[in-house]
Amino acid sequence: MSMTHRERVVKALNHEETDRTPMDFGGGPATQIHPDAYVALLAHLGIEPEELVEGTRGEGQVVVPSEEVLQRFDIDVRPAHLSQPNVRPRARIDEMTYIDDWGVRWEKAFFTAPDINVEGPLQSLVDPGISAVDSIDWPVPDDPGRVKGLRKRVQELRDNTDFAIVLNLPNSTFALSQRLRGFTELLEDLLLNEAFAEALQERVTDTICGIATTALNEVGDLVDGVAFGDDMGIQTQSYLSGDLYRKMIKPHHARFVGTLHSLTDAKVIMHSDGSIRELLADIIDCGVDVINPVQTNAQGMEPGPLKAEYGKDVCFWGGIDTQKVLPFGSAAEVAQEVRDRIGDLGSGGGYVVASVHNIQSEVPPENVVAMYDTVRESI
């Protein structure tokens, strides 16, 4: 029996079998596409070029696929995003530089790369004390600008379409703390200046819980998923040992995720790149329902064992390799990758097909088509 798009996603995220595996392209975290790849895709599909809509993450050179493209692939998910705040919205310094609402300076890298956070307002401090946390301007959590028009946009999606809706929130504690403090500096603080690191992360968590509360008070009853990002791994290992994660980060993740669950029945989706196998049980224990993007070629992230060990406790969103298969494989190899992921991650539900992170500039349009068309052919 055919399901609606929303039914398909909701059932999958409840670990139930569906008529086909649901798909995402630009709805959840880090599933958008580089402008060059998108323009090539439009040409390949015979769709008239359009004014590109900049990706809503703000620090990545990506665009949002148009509704015509999403309809072509029968994508099941649509995004909802917050707007810029009224107080200290993102400020463009020049063509290459801007400062976000957290006071972090970003610069463009090279043309295919995401922008880089190059300086945070606490980065230059040497051995800071707890009081340093109060020395900077913090975002206003209940700033009405963030949710201007949000209820109307999401209500229209809910009333006039059958798509699953994912609310995309800002990053979480670890990522935002390292942007404010500097990545190396934060890692040193976690080991050598625990009092400051804890005070910083406590304030960050207070702020993001407030932002989430403002957003979910508007649309928590209308969305099917609520997503946030907090990268905890690199290609070969997690950033932190399990012990350090449990001591310094997990309490903040648990508080943030608990806040989300208290405000909505939607599933909580956490984006974390890299090898996070060592941390996954603790992340699940925090209340995370769905892991994205399932970087399957990172160490310890082999999809079959992940599904076998954790598939009853967490769902998987992503899994289609963007490092080798999508950019450099043939369309046939992409199709096989999709069939493999449906086989090892999709058994019994609990899987949404998407790329492992945003589709980059070198990905041929034929491979994007193969990724999504194979899902429908696998019914």
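Worth a mention:
- Residue in the range 92-101 that is touching a residue at least 40 places away in the same chain (Cβ under 8 Å) and over 16 Å from Gln61 (Cβ atoms) present: no
- Total residues in the range 234-248, condition of a type outside the set (Ser, Thr, Tyr) and under 14 Å from Ala281 (Cβ atoms): 3
- Test: residue in the range 286-294 that is of a type outside the set (D, E, K, R), assigned to a helix (DSSP H, G or I) and over 24 Å from Ile234 (Cβ atoms): no
- Every residue from the range 246-274 that is among the hydrophobic types (A, V, I, L, M, F, W, C) and either out of contact with any Gly (no Cβ under 6 Å at 6 or more places or on another chain) or under 29 Å from Gln299 (Cβ atoms) (or both): Met248, Ile249, Ala254, Phe256, Val257, Leu260, Val268, Ile269, Met270
- The range 312-323 - residue that is free of Cβ contacts under 8 Å to residues at least 60 places away in the same chain and more than 9 Å from Ser355 (Cβ to Cβ) and, of those, surrounded by the most Cβ atoms within 10 Å (Cβ to Cβ): Phe316
- Number of positions in the range 1-51 that are more than 21 Å from His81 (Cβ to Cβ) and either surrounded by fewer than 19 Cβ atoms within 10 Å (Cβ to Cβ) or over 22 Å from the mean Cα position of the chain (by Cα) (or both): 25
- Within the range 154-184, tally of residues that are surrounded by fewer than 20 Cβ atoms within 10 Å (Cβ to Cβ) and charged (D, E, K, R): 4
- Hey, Phe183 at negative phi and more than 19 Å from the chain's Cα centre (by Cα) or not: yes
- Residues that are over 24 Å from Pro114 (Cα atoms) and touching a Ser or Thr at 6+ places or on another chain (Cβ under 7 Å) within the range 22-56 are absent altogether.
- Scanning the range 52-86 for residues that are modelled with pLDDT of 95 or more, over 21 Å from Arg376 (Cβ atoms) and loosely packed, with under 14 Cβ neighbours inside 10 Å yields one hit, Asn86.
- Leading residue by the ranking (farthest from Ile283 (Cα to Cα)) among those in the range 160-192 that are in contact with a Gly (Cβ under 8 Å, 6 or more places away or on another chain) and β-branched (Val, Ile, Thr): Ile165
- Of the candidates Ile283, Ile342, Ile249, the single residue that is of a type outside the set (S, T, N, Q), in contact with a strand residue (DSSP E or B) (Cβ under 8 Å, 6 or more places away or on another chain), in contact (Cβ under 8 Å) with a residue 60 or more places away in the chain and in a helix (DSSP H, G or I) is Ile342.
- Count of residues meeting criterion [under 30 Å from Glu156 (Cα atoms) and either of a type in the set (Asp, Glu) or outside any loop (DSSP other than H, G, I, E, B) (or both)] in the range 203-224: 15
- Unmet criterion (only one of (1) in contact with a Lys or Arg (Cβ under 8 Å, 6 or more places away or on another chain); (2) in a loop (DSSP other than H, G, I, E, B); (3) not polar (S, T, N, Q)) for Val353: (2)
- Within the range 269-278, the residues that satisfy the criterion of being surrounded by fewer than 23 Cβ atoms within 10 Å (Cβ to Cβ) and either touching a helix residue (DSSP H, G or I) at 6+ places or on another chain (Cβ under 9 Å) or without any contact (Cβ under 8 Å) to a residue 12 or more places away in the chain (or both) are Arg277, Glu278.
- Residues in the range 290-300 that are under 18 Å from Ala354 (Cβ atoms) and surrounded by fewer than 22 Cβ atoms within 10 Å (Cβ to Cβ): Asn297, Ala298.
- Remark: Ser330 falls outside the filter, which requires a residue to be crowded, with 23+ Cβ neighbours inside 10 Å, of a type in the set (Ser, Thr, Tyr) and at pLDDT 95 or above.
- Between Gly319, Gly343, Gly350, Gly311, the distinction of being over 26 Å from Tyr239 (Cα atoms) and within 20 Å of the chain's Cα centre (by Cα) belongs to Gly350 only.
- Among the candidates Asp313, Asp321, Asp340, residue that is closer than 19 Å to Gly27 by Cα and acidic (Asp, Glu): Asp321
- Where strands (runs of 3 or more DSSP E) fall entirely within the range 89-202, those with at least 2 residues that are among the hydrophobic types (A, V, I, L, M, F, W, C) are at 91-94, 116-119, 164-168.
The values are calculated or read from the model by the stated rules, or taken from the named source; none is laboratory data. As the structure is a prediction and not an experimental result, all values here were calculated from the model. Cβ sites come from the backbone with ideal geometry, for glycine too, and all protein chains shown count toward neighbours.
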